[in-house]
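The values are calculated or read from the model by the stated rules, or taken from the named source; none is laboratory data. In this text, all values refer to a predicted model and were calculated from it rather than measured experimentally. Neighbour counts run over all protein chains shown; Cβ positions are idealised from the backbone, glycine included. Heavy atoms of the whole protein, side chains included, go into the accessibility calculation; ligands, DNA and RNA do not. Shrake-Rupley method; radii C 1.70, N 1.55, O 1.52, S 1.80 Å.
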Amino acid sequence: MTQVPVGQLGDRAWAWTITALGGAILVVAGLVVMELARVSGPLWASTGIWRFLTSTEWDPVQQRYGALPFIYGTLVTSAVALVVALPVGVGLALFLSEMGPKRLRPPVAFAIEVLAAIPSVIFGLWGLFVMVPWLRGTLEPLLQRTLGFLPFFQGPPIGLGYLAAGMILAVMILPTISSVTLEVLKTVPLALKEGALALGATRWESIRMAVLPYARPGIFGATLLGLGRALGETMAVTMVIGNSPEIHASLFAPGYSLPAVIANEFAEATGAIHTGALAGLGLVLFGITLLLNAVARILVATVGRGPRGAHG
């Protein structure tokens with residue numbers, strides 16, 4: 001019988017341990033999905049999946065549950081957050097990697113790290129006492145005067161609503177987008193930038209024509225990672241979105257999101273169907289975030305290859 005060297009036994013044990021730890025993540029995710037599916041079983045039996053996803057009525061007293069207002073609120077607030085945070089995050093990454101003075105880069109990078117460490121409830125309090133009054137008194141009246149012909153900027157400026165939640169989420173996902181984009185920009189080959197400058201391009205033209213096209217897949221991946229964070233945020237959104245289970249075109253109107261309704265009603269849920277409806281909302285949110293994070297990882301992994309034909 002051949003004796004296995006002690007060194008090989010240690011390597012095999014380490015490999016088995018790492019494999020078990022990696023598999024445990026999949027097991028935990030599977031158990032979460034199975035438990036949500038089990039708890040939501042009474043809802044599917046009484047309402048059905050299609051009706052649950054497309055109905056706009058949420059009335060626990062009458063046992064009528066529709067997820068569409070919450071899906072709509074989650075997607076709208078996340079879209080607002082991306083529109084605000086994406087250009088700022090990419091600009092910060094370009095500042096830290098290409099444009100900023102070297103003495104100023106460490107303080108800005110440190111501020112971004114601190115921003116990522118702030119608890120969401122602090123963002124919610126800041127939004128409730130600082131941002132909402134500013135939106136109600138300054139920004140929303142300005143948008144109404146200038147862009148009031150669009151349905152997105154109509155209605156009374158009350159401060160609480162989709163716009164407030166989207167602005168809070170923009171601040172919260174800004175560190176994710178800027179940090180990942182910064183790492184992506186660091187992978188851009190120096191030869192691309194030097195070649196653009198050698199051909200007579202300005203500094204901005206070299207960034208626009210050489211750096212950004214090469215890093216585009218990674219920036220898209222950073223955007224999706226930020227979107228995944230925005231979709232799952234609960235406390236800060238709950239404090240400023242208005243918590244109204246209705247669908248409105250105006251960003252000034254109050255709304256609701258998937259995490260917010262789960263957090264607000266789960267402790268007070270009475271009956272298996274109400275609890276099942278909240279678990280069904282959790283399944284919907286889990287599916288959306290899982291899909292987006294999977295796509296984000298694939299896109300971030302492709303950044304090393306750069307644009308098509310870049311290494312030809």
In sequence order, calculated HN-Hα J values of the stretch 129-142 (Karplus, 6.51, -1.76, 1.60; Hz; x Gly/Pro): 9, 10, 6, 4, x, 5, 4, 5, x, 10, 5, 5, x, 5
Amide H partners (placed H, <5 Å) of residue 64, local residues excluded: 59
log10 of Debye I(q)/I(0), alpha-carbon scatterers only, for the stretch 102-156 at 0.17, 0.22, 0.24, 0.29 Å⁻¹: -0.74, -0.82, -0.86, -1.02
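How much of the accessible area of the chain, probe 1.4 Å, is carbon plus sulfur, in whole percent? List each step's numbers first, then the result.
Values: 11640 of 16670 Å².
Looking at the chain in its full context, I get 70 percent from C and S.
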In the stretch 1-99, GluC sites (Glu not before Pro) in a DSSP loop with at most 13 other beta-carbon atoms within 10 Å: 57
Label-point separation, residue 83 to residue 194 (7 Å along Cα→Cβ), nm: 4.3 nm
CD proxy at 222 nm, helix term only [per DSSP H run n ≥ 4: -39500 (n - 2.57); per residue of the chain; nearest 500]: -21000 deg cm²/dmol
Under the Karplus curve 6.51 cos²θ - 1.76 cosθ + 1.60, θ = phi - 60°, whole-Hz ³J(HN,Hα) for the stretch 158-169, x wherever Gly or Pro sits: 9, x, 6, x, 4, 5, 4, 5, x, 5, 4, 5
Average accessible surface area per residue within the stretch 7-97, 1.4 Å rolling probe, Å²: 58 Å²
P(r) histogram, all alpha-carbon pairs of the stretch 1-152 included - 10 Å bins from 0, percent: 8, 15, 20, 25, 18, 9, 4, 1, 0
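Mind pulling up the Rg/Rh value for the stretch 198-283? Radius of gyration and Kirkwood radius, both on Cα. Spell out each step's value before the answer.
Working: Rg = 21.0 Å, Rh = 16.4 Å.
Dividing the radius of gyration by the Kirkwood radius yields 1.28.
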